[in-house]
Amino acid sequence: MKRFLVTFSIALGLLLPAGSEELPATLDKPYLGCWLAFSESRDFEFVIGGDGDAELFFIKNRKRLSTGGCTLKIYYVVEEKVKGKGGASRWVSRRMVQDGFEDFGKETAEPPLRKPLGFTATFTGGIKARIVHVFTKSGLEISTRIIDKGESKGDLRPGVKVLVGDLFRHIDDADLEKRETESKLEDTRISVLPVGGRRASRIKFEDYDSVLTEECPKGARAFALESDRYGGHEFQLTTANPDYGVIEFVQKKKIIHGFYVNWFPDAMKAEENDARLLIKVK
């Protein structure tokens, strides 16, 4: 086993450029373990950890909400299209390498408004993606771009995965038919604009059997979720030019128990300035 680990470490080292290293995560409380923390908004805080993963916290009464699935976990990803059995193609995730960061600058708890700030991340196979953020008091913009294909052979797509947590983990499926349960769900609702649609569809969490992939079989151009569990806030996701990106959903449970909202720039428009994800908090 030791010989395998040594061999693997050497092989991985050969794939990483000499300047690659871990993101420094030396911020003081309350941002321990973070490389970046943005807190200039009255509505949200946004942090990026030393592992490259991010999290958005909603603010209520000047305090951030952090329990009960009330945050948005945000992951920067790269997927490669590979052929499976029978010749069918599918997208496969490539793992972010924890000591493969470059061009990230100094850690900060005071990122400037409306100025780009980012890092280059390395993924398995030597793939590198540049990830850039621009903050405002009402939200942020995220752009992702492949700058080195590494050893990949298939098409690549960089993107952002947003985990909508289990806001109602305290509600068992067996209790969904109870009248008091409906009152707990009535202040949480989704607005989604399907690809090809002319107007947004509204989904109430009382309709807990709703399936987002059925509502949006080709994905979506815009998505919004408002909830009292977020302190009455609503977050919105779209592309700067809605035609330059697509939102996909991964839902394995009832909608009230969480799902992924995944954004990818259009492959033909990925280099365009407007091929960037917009996140707004109201």
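Things worth noting here:
- Identity of the residue in the range 29-43, of a type outside the set (D, E, K, R) and either in contact with a His (Cβ under 7 Å, 6 or more places away or on another chain) or not in a strand (DSSP E or B) (or both), that ends up surrounded by the most Cβ atoms within 10 Å (Cβ to Cβ): 31
- Test for residue 147: is it more than 19 Å from the chain's Cα centre (by Cα) and either part of a strand (DSSP E or B) or within 17 Å of residue 36 (Cβ to Cβ) (or both): yes
- Residues considered: 109, 121. Of these, the only one that is in contact (Cβ under 8 Å) with a residue 12 or more places away in the chain, in contact with a Cys (Cβ under 9 Å, 6 or more places away or on another chain) and on the phi < 0 side of the Ramachandran plot is 109.
- Residue 29 meets each of the listed conditions (1) closer than 27 Å to residue 161 by Cβ; (2) modelled with pLDDT of 50 or more apart from (1).
- Out of 203, 171, sole residue that is in contact (Cβ under 8 Å) with a residue 24 or more places away in the chain, in a loop (DSSP other than H, G, I, E, B) and either more than 14 Å from residue 229 (Cα to Cα) or within 26 Å of the chain's Cα centre (by Cα) (or both): 171
- Single condition residue 254 does not satisfy, out of (1) in contact with a strand residue (DSSP E or B) (Cβ under 8 Å, 6 or more places away or on another chain); (2) touching a residue at least 60 places away in the same chain (Cβ under 8 Å); (3) at negative phi: (1)
The values are calculated or read from the model by the stated rules, or taken from the named source; none is laboratory data. This one's a predicted model, so the numbers in the text were calculated from it and none came from an experiment. Cβ coordinates were reconstructed from backbone atoms using ideal geometry, including for glycine residues, and neighbour counts include every protein chain displayed.
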